Amino acid sequence: MVGIVGYTKFKNYPSKTPIERMIKAVKTDVNQTAERFFHDFLDIALVTYSDLGFSAYAVNEEGSVSAFVYGKIFEFEQKLTLLMHGGHEFKEANSTAEFVVHAYEEWGKTFFRDLNGSFCLVIFDARIPQLLLVTDRFGTRPIYYAFKNGDVIFASHARAILEYPFPRKLNLKTLVKFLYYGKIGILGDETWFEGIKLIPSASVLAFTKSEYTLEKYWDLVYSTRSTDEEEIVNALVKAFRKAVNLRIDDLDGVSVLLSGGLDSRCVLGAVEGPHRVTAVTFGIKGCDDIAVARKVTKRLGVKHLTIEYNPDELVGFARNVVFLTDGQDTVGVSYIPFVARKMRESGIKYYLQGFIFDVLLGGSFLSKEFFKAHNFNAFLQVLEKKYALFQPSELEQLLDKRLHKYIPLARKEFVKLASEAKGDNFPNKADYFNLNTRQRRFTLMGSILHREFAEELLPTIDNNVIEVIRQIPPEMRFNYCIYRKFLLALNPELAKVPYQKTLLLPIVPSQLWHPSTLVLGAIKKLSRDAFRYKHSYFEFNEILRRHTGWGKLVEETLMNENSLVYELAILNRDYVAKLVNDHFKKRRNNGEKIAFLITLELFLRTFFKKANQQKLKCKFWGC
């Protein structure tokens with residue numbers, strides 16, 4: 001894993017430096033390098049691919065303020081000029097880290113608000129002394145942290161903190177949240193490990209010898225200001241084109257992850273000069289995503305790399321997914337590390353993707369029920385219906401009775417987060433909730449996996465793009481209404497290729513989209529032929545049934561009486577067996593639930609297998 005690892009030494013000065021153990025915990029490729037920095041009060045390392053240029057370090061003239069950057073920041077030239085005119089000296093005018101150092105000296109924490117990009121920062125001010133850990137507006141470069149004996153330990157991956165060392169104790173509440181609201185990922189800022197948390201998006205954790213503070217410097221709140229469609233579309237096209245091309249200037253080996261959806265199509269269509277990028281599409285042979293993507297690249301004249309896979313060859317990557325995401329993504333995305341490795345082998349160093357654009361602009365997680373909600377309870381009911389994986393009644397059958405006490409606690413946290421959702425109406429609150437839960441804790445894990453092999457560029461969260469989007473009313477975002485007009489204005493050729501989800505052209509009236517989706521869903525539900533299997537690049541329900549490798553993984557994890565979920569008395573084996581049997585006998589599509597349960601077992605084996613099982617039981621339940 002590329003990223004940052006480190007810890008303060010305000011109260012403790014380890015005799016044997018933990019930094020090497022932390023580096024080892026995240027370094028997964030021989031081509032990844034680690035740059036180490038040591039100070040009286042701080043040890044830190046940047047782990048990156050040295051040829052990609054996505055990390056930087058700088059210190060001021062006096063050596064009192066230093067900055068470590070993982071990621072990329074764009075459009076800081078104006079503030080850079082102000083700093084130069086103000087007497088700040090730069091060794092390299094285009095150095096992101098130098099800019100951060102001098103901007104912090106000049107404006108303190110207030111300058112974080114305007115930073116544009118995908119990044120995380122570590123700033124150390126030796127004059128106080130104080131450590132600042134900073135996430136970008138959407139938290140796309142996570143920083144995990146924990147406190148121990150008066151110091152803070154931090155890393156881009158929770159498992160590195162364990163190597164400090166930090167107590168390896170399973171968070172039982174997280175376990176229940178993972179299964180209850182699995183469609184969100186892990187609810188809130190907790191992790192699988194007690195005491196290790198995630199810094200929220202757009203936040204600054206400030207740590208000194210005596211205290212710490214955690215505060216947000218920005219928030220995405222939809223607030224309807226503009227209803228002029230033509231004005232919105234024109235502003236969005238202008239901002240989006242600039243955002244895409246700004247991110248690929250002076251780079252080679254750039255690709256665009258192109259599915260059969262619309263987000264990636266927009267990114268590709270905004271690139272000035274199709275020769276500059278390679279479109280990459282993946283899936284099982286003959287799937288709709290590949291077929292649609294081929295039509296898109298043919299129309300745009302873009303080089304196209306297709307990566308096909310046999311689902312059985314992906315089984316071996318299931319454990320990789322669990323390890324690389326610290327159990328935060330499921331085995332249902334085992335294709336990602338396989339694809340990312342193939343991309344790097346093909347010479348691809350960077351990739352653009354349409355990260356969460358469907359949510360931001362397309363209202364993909366909105367439903368008519370949110371518009372009908374007239375009070376908080378109605379709003380909450382729709383949210384729970386959308387994001388619950390196992391219902392409370394199912395959890396009571398699935399989980400050991402000793403875990404039942406966490407079920408109402410998980411719901412209480414869900415209700416609290418829902419009540420804190422911001423917006424001037426319930427649809428806007430729904431998107432706010434989604435962006436601060438599912439997208440940050442679950443969707444983002446796909447990026448974490450891809451970044452093991454290549455660096456990521458995210459034009460969809462560009463500050464100027466977001467400023468346009470946040471003013472669009474939900475009625476215009478819903479059902480891709482304004483999105484499709486934006487697509488047509490961006491590049492008319494893009495609207496002439498069907499959308500994989502509906503198999504309709506994007507220019508078809510929105511009234512037909514929902515019926516089309518329902519028809520396709522019914523066909524998939526009833527069909528026993530290749531249609532449902534090949535409609536998506538990884539249709540997990542059918543893959544489980546069709547491919548022996550996945551069936552063996554189910555047997556070896558969920559049907560094995562010696563699995564840790566049973567040895568540690570976490571799950572009810574009879575209930576799990578019924579869930580599995582119902583799926584394989586086609587009574588129900590339980591693929592998603594099975595993926596979460598396999599992930600739980602592999603997580604326990606990955607992070608707790610070395611411990612004596614009796615000791616583990618005592619640690620979980622007491623002796």
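The values are calculated or read from the model by the stated rules, or taken from the named source; none is laboratory data. All figures in this text were calculated on a predicted structure; none of them were measured in a lab. Positions of Cβ are generated from backbone atoms using ideal geometry, with glycine treated the same way; all protein chains shown enter the neighbour counts.
As an exercise: evaluate GLU456 against (1) at pLDDT 95 or above; (2) part of a helix (DSSP H, G or I); (3) under 18 Å from SER259 (Cα atoms); (4) not basic (Lys, Arg) and give the number of the one condition it does not meet. Every condition holds for GLU456 apart from (2).
Each residue in the range 224-251 was checked for being surrounded by fewer than 16 Cβ atoms within 10 Å (Cβ to Cβ) and touching a helix residue (DSSP H, G or I) at 6+ places or on another chain (Cβ under 6 Å), and 1 pass. Among the residues here, LEU487 qualifies as at pLDDT 95 or above, assigned to a helix (DSSP H, G or I), touching a helix residue (DSSP H, G or I) at 6+ places or on another chain (Cβ under 8 Å) and buried (at least 22 other Cβ atoms within 10 Å of the Cβ).
Only one of the listed residues (SER55, SER64) is within 25 Å of GLU105 (Cβ to Cβ), surrounded by 17 or more Cβ atoms within 10 Å (Cβ to Cβ) and hydroxyl-bearing (Ser, Thr, Tyr). That residue is SER55. Just one residue in the set SER255, SER223, SER264 is in contact (Cβ under 8 Å) with a residue 24 or more places away in the chain, outside any strand (DSSP E or B) and under 23 Å from the mean Cα position of the chain (by Cα); that residue is SER264. Looking at the range 184-200, is at least one residue assigned to a helix (DSSP H, G or I) and of a type outside the set (D, E, K, R)? Taking every residue of the range 184-200 in turn, at least one turns out to be assigned to a helix (DSSP H, G or I) and of a type outside the set (D, E, K, R). Here LEU131 meets each of (1) more than 17 Å from ALA25 (Cβ to Cβ); (2) surrounded by fewer than 24 Cβ atoms within 10 Å (Cβ to Cβ) with one exception, condition (2). For the range 392-411, the tally of residues that are of a type outside the set (A, V, I, L, M, F, W, C) and surrounded by 13 or more Cβ atoms within 10 Å (Cβ to Cβ) stands at 9. If you go through the range 11-23 and keep only what is surrounded by 14 or more Cβ atoms within 10 Å (Cβ to Cβ) and basic (Lys, Arg), you end up with just ARG21. Looking at (1) under 20 Å from ILE73 (Cα atoms); (2) touching a helix residue (DSSP H, G or I) at 6+ places or on another chain (Cβ under 8 Å), which is the only condition TRP107 fails? Among (1) under 20 Å from ILE73 (Cα atoms); (2) touching a helix residue (DSSP H, G or I) at 6+ places or on another chain (Cβ under 8 Å), the lone unmet condition for TRP107 is (2).
Pick from the range 209-220 the residues that are hydroxyl-bearing (Ser, Thr, Tyr) and assigned to a loop (DSSP other than H, G, I, E, B): which of them is surrounded by the fewest Cβ atoms within 10 Å (Cβ to Cβ)? Can you show your working first?
Filtering the range 209-220 for residues hydroxyl-bearing (Ser, Thr, Tyr) gives 210, 212-213, 217.
Add one more test, that the residue is assigned to a loop (DSSP other than H, G, I, E, B), and what stays is 210, 217.
Details: SER210: 7, TYR217: 17.
The extreme case among them is SER210.
From VAL280, VAL254, VAL321, grab the single residue that is modelled with pLDDT of 95 or more, over 30 Å from GLU601 (Cα atoms) and crowded, with 24+ Cβ neighbours inside 10 Å. Spell out the reasoning first.
Numbers: VAL254 fails: crowded, with 24+ Cβ neighbours inside 10 Å; VAL321 fails: over 30 Å from GLU601 (Cα atoms).
Answer to the check: VAL280.
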